[in-house]
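The values are calculated or read from the model by the stated rules, or taken from the named source; none is laboratory data. This structure is a prediction, so every number in the text was calculated from the model and none was measured. As a convention, Cβ positions derive from the backbone with ideal geometry for all residues, glycine included, and neighbour counts pool all protein chains shown. For accessibility, only protein heavy atoms count, side chains too; no ligands or nucleic acids. Shrake-Rupley method; radii C 1.70, N 1.55, O 1.52, S 1.80 Å.
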Amino acid sequence: MMETTNILYIGKHLEILATVVRLINSNNNWNGVGAMNDEVAKEIFQKRDFSIVLLGSGIQRESETNLCSFFKIRKPNIIIVQHYGGGSGLLKSEILLALECNRN
Amino acid sequence: MENKDSTKEEVITNYILHKANTRGHANHGWLESYHTFSFANYHNPERMNFGVLRVLNDDRVNQGMGFGKHPHDDMEIISIPLEGDLEHQDSMGNTTVIKEGDIQVMSAGTGIFHSEYNKNKDQLVKFLQIWIYPNQKNVTPRYDQITLDLKDRHNKLQQILSPNPEDAGVWIHQDAWFHIGKLDNGFSTSYQLKKAGNGIYAFVLKGDFTIGTIALNERDGLGIWDTNEITITANSADAEILLMEVPMKL
């Protein structure tokens with residue numbers, strides 16, 4: 001049985017967040033959680049062992065820098081990926097590519 | 001652009017050829033789609049993108065069917081209908097129909113929802129869906145569509161997209177330029193790239209072409225980089241090609 005990959009999605013658009021998390025969770029081997037703001041994202045990150053963080057839309061540059069730094073300090077091998085497109089089109093490829101890069 | 005002497009062979013060294021039959025394929029019944037690059041359930045690490053060109057889907061949608069309401073963000077999405085009528089609705093209040101000869105663009109930016117349906121009761125709708133990574137995130141969502149004059153692509157390259165709102169065609173948030181040419185058999189023309197560092201991805205809509213010394217057939221794709229100019233020759237009647245000049249780096 002494959003190990004479950006925990007994925008944290010951060011984005012400011014509620015409906016897109018709900019869609020992306022639902023799409024992640026439609027894969028039996030992935031477990032997705034969403035956060036709409038930095039503080040919630042940081043809080044959730046410390047409670048679960050995430051492998052991937054997906055950065056969605058609406059995150060300002062300063063906030064992104066701050067979040068990445070926070071995640072890297074707590075888990076240096078965390079994979080942080082920019083998510084583009086806001087739907088199913090690129091999501092699977094982004095996650096699979098991130099996992100492949102991590103293995104190599 | 002001119003009818004060039006094509007007797008001198010142009011050797012292209014930096015290129016990637018995607019033959020039509022090597023594309024990803026998905027058949028959902030109502031939708032048949034060929035993916036030049038990884039998309040949805042088609043994942044090929046060797047086929048992720050060409051520069052900022054991330055998605056090139058060749059879609060056929062059954063009568064009355066289509067893509068229900070779904071979201072997008074941070075992407076420049078271009079639709080080019082090839083046959084039939086496509087009905088568009090979005091969260092910005094647009095309800096429109098696009099048809100062959102039109103081009104539609106959406107800057108998804110901070111987030112939009114839209115649907116696309118085949119409006120026809122009696123024929124397939126065929127269209128290209130193209131996604132370009134934007135050069136800035138979190139832009140205000142926008143929608144546009146225009147009707148192009150099909151005569152302006154006969155034996156010349158008609159600009160259909162650029163980064164400039166004042167320029168011909170639609171515009172996007174990226175230093176990209178798209179052209180379509182419909183060339184007579186044997187006609188040659190050249191394309192000069194507009195920005196240093198950009199590459200060009202050619203996609204054959206109809207017929208056969210040669211670019212440099214590389215032969216292309218219907219729905220083949222050819223990406224070329226580190227070049228300033230390419231020469232395109234049609235090898236069949238009414239051959240039609242889409243050229244997408246894009247930055248090679250995000």
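Out of B:ILE130, B:ILE160, one residue alone is within 14 Å of chain A (Cβ to nearest Cβ), modelled with pLDDT of 95 or more and not in a loop (DSSP other than H, G, I, E, B). It is B:ILE130. With the structure loaded, tell me whether A:LEU91 is closer than 22 Å to A:LEU23 by Cα and either among the charged types (D, E, K, R) or touching a residue at least 12 places away in the same chain (Cβ under 8 Å) (or both) or whether it fails that test. Yes; evaluated as a whole, the condition is true for this residue. In the condition set (1) at pLDDT 95 or above; (2) open to solvent by 10 Å² or more (accessible area, probe 1.4 Å); (3) touching a Lys or Arg at 6+ places or on another chain (Cβ under 8 Å), B:LEU17 is compliant with all but (3).
Residues in the stretch A:46-86 that are open to solvent by less than 10 Å² (accessible area, probe 1.4 Å) and of a type in the set (Phe, Trp, Tyr) were compared, and the one that is farthest from A:LEU17 (Cα to Cα) is A:PHE71.
For the residues A:ILE10, A:ILE80, A:ILE44, the requirement of being under 10 Å from the mean Cα position of the chain (by Cα) and either more than 14 Å from every other protein chain (Cβ to nearest Cβ) or among the hydroxyl-bearing types (Ser, Thr, Tyr) (or both) singles out A:ILE80. With the requirement that a residue be surrounded by fewer than 20 Cβ atoms within 10 Å (Cβ to Cβ) and either under 15 Å from A:SER26 (Cα atoms) or in contact (Cβ under 8 Å) with a residue 24 or more places away in the chain (or both), what does the stretch A:95-104 give you? Answer for the stretch A:95-104, where residues must be surrounded by fewer than 20 Cβ atoms within 10 Å (Cβ to Cβ) and either under 15 Å from A:SER26 (Cα atoms) or in contact (Cβ under 8 Å) with a residue 24 or more places away in the chain (or both): A:LEU96, A:ALA98, A:LEU99, A:ASN102. Residues in the stretch B:164-185 that are part of a strand (DSSP E or B) and over 20 Å from B:ASN217 (Cα atoms): B:VAL170, B:TRP171, B:TRP177. Restricting the first member to the stretch A:25-48 and to residues that are among the basic types (Lys, Arg), and the second to residues that are at pLDDT 95 or above, the beta-carbon pairs closer than 6 Å and six or more apart or on different chains are A:LYS42/A:PHE70; A:ARG48/A:ASN6.
Within the stretch B:126-155, restricting attention to residues that are among the basic types (Lys, Arg) and surrounded by 15 or more Cβ atoms within 10 Å (Cβ to Cβ), which residue is nearest to the chain's Cα centre (by Cα)? My answer is B:LYS126. Taking the criterion of being farther than 19 Å from B:LEU53 by Cα and either free of Cβ contacts under 8 Å to residues at least 12 places away in the same chain or in a loop (DSSP other than H, G, I, E, B) (or both), the residues of the stretch B:208-230 that qualify are B:ASP208, B:GLY212, B:THR213, B:ASN217, B:GLU218.
Based on this model, can you work out whether B:LYS194 counts as open to solvent by 10 Å² or more (accessible area, probe 1.4 Å), outside the structural domain of B:ASP102 (by TED's automatic domain parsing) and in a strand (DSSP E or B)?
Judged against the criteria, B:LYS194 is not a match.
Checked against (1) under 14 Å from the mean Cα position of the chain (by Cα); (2) within 20 Å of A:GLU3 (Cα to Cα); (3) among the charged types (D, E, K, R), A:LYS72 passes all but condition (2). For B:PRO45, the conditions (1) assigned to a loop (DSSP other than H, G, I, E, B); (2) in contact with a Gly (Cβ under 8 Å, 6 or more places away or on another chain); (3) surrounded by fewer than 22 Cβ atoms within 10 Å (Cβ to Cβ); (4) at the interface with chain A (Cβ under 8 Å from one of its Cβ atoms) all hold with the exception of (2).
For the stretch B:20-42, the set of residues classified as part of a loop (DSSP other than H, G, I, E, B) and surrounded by fewer than 20 Cβ atoms within 10 Å (Cβ to Cβ) consists of B:HIS28, B:GLY29, B:TRP30, B:ALA40, B:ASN41, listed by residue number. In this structure, B:GLN123 does not qualify as in contact with a strand residue (DSSP E or B) (Cβ under 8 Å, 6 or more places away or on another chain), polar (S, T, N, Q) and not in a loop (DSSP other than H, G, I, E, B). Within the stretch B:156-179, being buried (at least 21 other Cβ atoms within 10 Å of the Cβ) and among the aromatic types (Phe, Trp, Tyr) holds for B:TRP177, B:PHE178.
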